[in-house]
Amino acid sequence: MMRKVAVVLAGLSVATLTVRLKPDTTYNTATYAQAPQPYDLVIRNGRIVDGTGSPWYRADVAVRGDTIARIAPSISEPATRVVDANGQIVSPGFIDVHNHARENIFELPSADNYIRQGVTTLIEGPDGGSPVPLAPFLDKLDATQKSINVGSFIGQGSVREAVLGTVNRRPTPAELDKMRGIVEDGMKAGAYGMSTGLFYVPGAFTPIEEVIELAKVAARYGGIHISHMRDEAFGVLDSVRETIRIGEEGGLPTQVTHHKIVGPRNYGKSVETLKLLEAARLRGVDATSDQYPYTASSNAFVASMIPQWAQEGGRAQMLARLKNPATRKEIGGETVRIIREERGGGDPKNVFLAHCDFDASMAGKNLADVARLRGLEPTIENGAEAAMWIVEQGNCQGVFHAMSEADLERVMRHPATMIASDGWVQILGRGVPHPRSYGTFARVLGIYVRERSVITLEEAIRKMTSFPAQRLRVGDRGVLKPGMKADITVFDPARVRDMATFEKPHQYAEGISSVIVNGQVVFDGKAMTAARPGRVLRRQ
Ligand SMILES: [Zn+2]
């Protein structure tokens, strides 16, 4: 048979010859090369933090194609491109296991806000929400030229909504089978597991037995379960128990996502939640958590401010309940409680609007501002009235300041906590989103490693790289060693920091000097390059 084989002649020139080979005979041309082929990329003079948690060491890193070819104290062979790390940190690219990329990734496939904080992989489908079916979404992503790698979970809430809508009832056996089938299709399409969002409608209407039945399907395909828990406030301990039970009875690794303690009266409960996770691990349940480094959360305004029973059946039914004076009063009473004790942190000033689809000028205002705009004193009761008015106007994303720094740091210190942003691909200047989309990873490195020494640099990098990779069973990323895919972040440990604030979130992180995805430089320290080497990642 005829094959084209490249051979090296006289150690200098390369020619392509057509030679006749026996079938079954393969030649590894590299084996016969007399002179080294130039590397595609060499990063010189770096301090390697390899992602495993081991202490840094000095070395050069050589890349050929999309793969790390060699790591050695000094690599002097020629290279098509050289990056001088100049003593800075060279680490694996960061892997974000909780990400809402799907809305904007097609509009901004360079995902600048993530690349520019060193993130090279985003995992979509968190909080029980994913495209259903999943395969067409992944195919569309395949066809999109992008800077960053993207994978996904299949979302239990979306699966339930596709079969039952948003009603609060148990499924029939036939409906349960249908849900199993959708989860199975998602896993076959390459999902890394199943996410739940038991806080949200319709996830909130799901009995745990039903979740466990679907988790078993994800388990058969080697997936994990990751949960935005039913209750992160007064019921947080029971919710952690429930998350553990899903892993234990579903037969798969389970994860508390964006682990937080909501509401001043619950502050300190992370002592207990971490004990629950540790006890589960001791008896052999693989339970972990992830976290973003901020004391404010962000999600759909309606989901956080309106009781779940009032959302049943969809928006039209919710609006009818708000029109009825008796049910409005009941809803308002619960919203008062939410402001006083849960996501409002005791004051309507703690609840902000990130953006609203009915009025761009609402972005950045808090509930006290909205109450005043409507001619009301900014009391908690009037804050609840303003919240119901907002929900009646349309959809908003909210930002809620109701967590404590002590819980945040305690959760971060725990070795079974990884870092994840829970953010979006952001269009520069649009709305007033939670700053985590721009700052999460750089903030951990700047504030919690350098300024406060809450965790070491090597531990922080492990929480951003090898730990999430191992969790997802992504075997070829998350550690710097030969043979791994060349997703690499170079940063200055003395300068890296988040710039995005709650007031001015649209600011890129600083101190990141090179980001490499699948062997290609996508950010050179000043600007995004034209390279679009990102891939869709599917569970192996
Ligand atoms: Zn969430």
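Numerical summary
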| quantity | calculated |
| --- | --- |
| Any hit, segment 124-141, residues being assigned to a strand (DSSP E or B), buried (at least 24 other Cβ atoms within 10 Å of the Cβ) and in contact with a strand residue (DSSP E or B) (Cβ under 9 Å, 6 or more places away or on another chain) | yes |
| Pair list, Cβ < 6 Å and 6+ apart or interchain, from segment 452-463 residues that are open to solvent by less than 20 Å² (accessible area, probe 1.4 Å) to residues that are hydrophobic (A, V, I, L, M, F, W, C) and part of a loop (DSSP other than H, G, I, E, B) | Ile461/Val49 |
| Those residues of segment 84-109 which are under 19 Å from Ile148 (Cβ atoms), away from the ligand (no atom under 16 Å from the Cβ) and open to solvent by 10 Å² or more (accessible area, probe 1.4 Å), in sequence order | Asn104, Phe106, Glu107, Leu108, Pro109 |
| Hits in segment 471-496 (condition: of a type outside the set (Gly, Ala, Ser), buried (at least 18 other Cβ atoms within 10 Å of the Cβ) and under 19 Å from the mean Cα position of the chain (by Cα)) | Arg471, Leu472, Val474, Arg477, Val479, Asp487, Ile488, Thr489 |
| Residue among Ala233, Ala191 that alone is more than 16 Å from the ligand (Cβ to nearest atom), open to solvent by less than 10 Å² (accessible area, probe 1.4 Å) and in a loop (DSSP other than H, G, I, E, B) | Ala191 |
| Ile148 within 28 Å of Arg315 (Cβ to Cβ) and either β-branched (Val, Ile, Thr) or over 19 Å from the mean Cα position of the chain (by Cα) (or both) | no |
| Residue satisfying all of: in segment 217-230; out of contact with any His (no Cβ under 9 Å at 6 or more places or on another chain) and either more than 14 Å from Gly155 (Cα to Cα) or β-branched (Val, Ile, Thr) (or both); nearest to the ligand (Cβ to nearest atom) among these | Arg230 |
| Residue match in segment 455-463 (condition: within 23 Å of Phe106 (Cα to Cα) and either over 19 Å from the mean Cα position of the chain (by Cα) or not aromatic (Phe, Trp, Tyr) (or both)) | no |
| Filtered residues of segment 143-156 (kept if open to solvent by less than 10 Å² (accessible area, probe 1.4 Å) and either outside any loop (DSSP other than H, G, I, E, B) or not hydrophobic (A, V, I, L, M, F, W, C) (or both)) | Lys146, Ser147, Asn149, Val150, Gly151, Ser152, Ile154, Gly155, Gln156 |
| Positions within segment 308-321 being surrounded by fewer than 18 Cβ atoms within 10 Å (Cβ to Cβ) and either closer than 13 Å to Val391 by Cα or free of Cβ contacts under 8 Å to residues at least 40 places away in the same chain (or both), in sequence order | Gly314, Arg315, Ala316, Gln317, Leu319, Ala320 |
| Test: residue in segment 434-450 that is in a helix (DSSP H, G or I), closer than 30 Å to Arg281 by Cβ and of a type in the set (S, T, N, Q) | yes |
| Residue within segment 288-298 that is within 16 Å of the ligand (Cβ to nearest atom), among the hydrophobic types (A, V, I, L, M, F, W, C) and buried (at least 16 other Cβ atoms within 10 Å of the Cβ) present | yes |
| Conditions (1) assigned to a helix (DSSP H, G or I); (2) farther than 24 Å from Val432 by Cα: number failed by Leu252 | (1) |
| Top-ranked residue in segment 413-433 [being aliphatic (A, V, I, L, M) and either assigned to a loop (DSSP other than H, G, I, E, B) or free of Cβ contacts under 8 Å to residues at least 12 places away in the same chain (or both); ranked as surrounded by the most Cβ atoms within 10 Å (Cβ to Cβ)] | Ala420 |
| Residues (within 16 Å of the ligand (Cβ to nearest atom) and open to solvent by 10 Å² or more (accessible area, probe 1.4 Å)) located in segment 194-207 | Phe199, Tyr200, Val201, Ala204 |
| Residue check, Glu210 among the acidic types (Asp, Glu), within 14 Å of Gly157 (Cβ to Cβ) and either within 15 Å of the ligand (Cβ to nearest atom) or not in a strand (DSSP E or B) (or both) | yes |
| Members of segment 348-403 found to be open to solvent by 60 Å² or more (accessible area, probe 1.4 Å), more than 24 Å from Glu330 (Cβ to Cβ) and of a type in the set (D, E, K, R), listed by number | Lys349, Asp357, Arg372 |
| Residue match in segment 532-540 (condition: in contact with an Asp or Glu (Cβ under 9 Å, 6 or more places away or on another chain) and at pLDDT below 95) | yes |
| Number of positions in segment 245-278 that are in contact with a helix residue (DSSP H, G or I) (Cβ under 8 Å, 6 or more places away or on another chain) and either within 16 Å of the ligand (Cβ to nearest atom) or closer than 26 Å to Ala300 by Cβ (or both) | 16 |
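The values are calculated or read from the model by the stated rules, or taken from the named source; none is laboratory data. The structure displayed is predicted, hence computed values, not measured ones. For neighbour counting, all protein chains shown are included, and Cβ atoms are generated from backbone atoms with ideal geometry for every residue, glycine included. Ligands, DNA and RNA are excluded from the accessible area calculation, which covers all protein heavy atoms including side chains. Shrake-Rupley method; radii C 1.70, N 1.55, O 1.52, S 1.80 Å.
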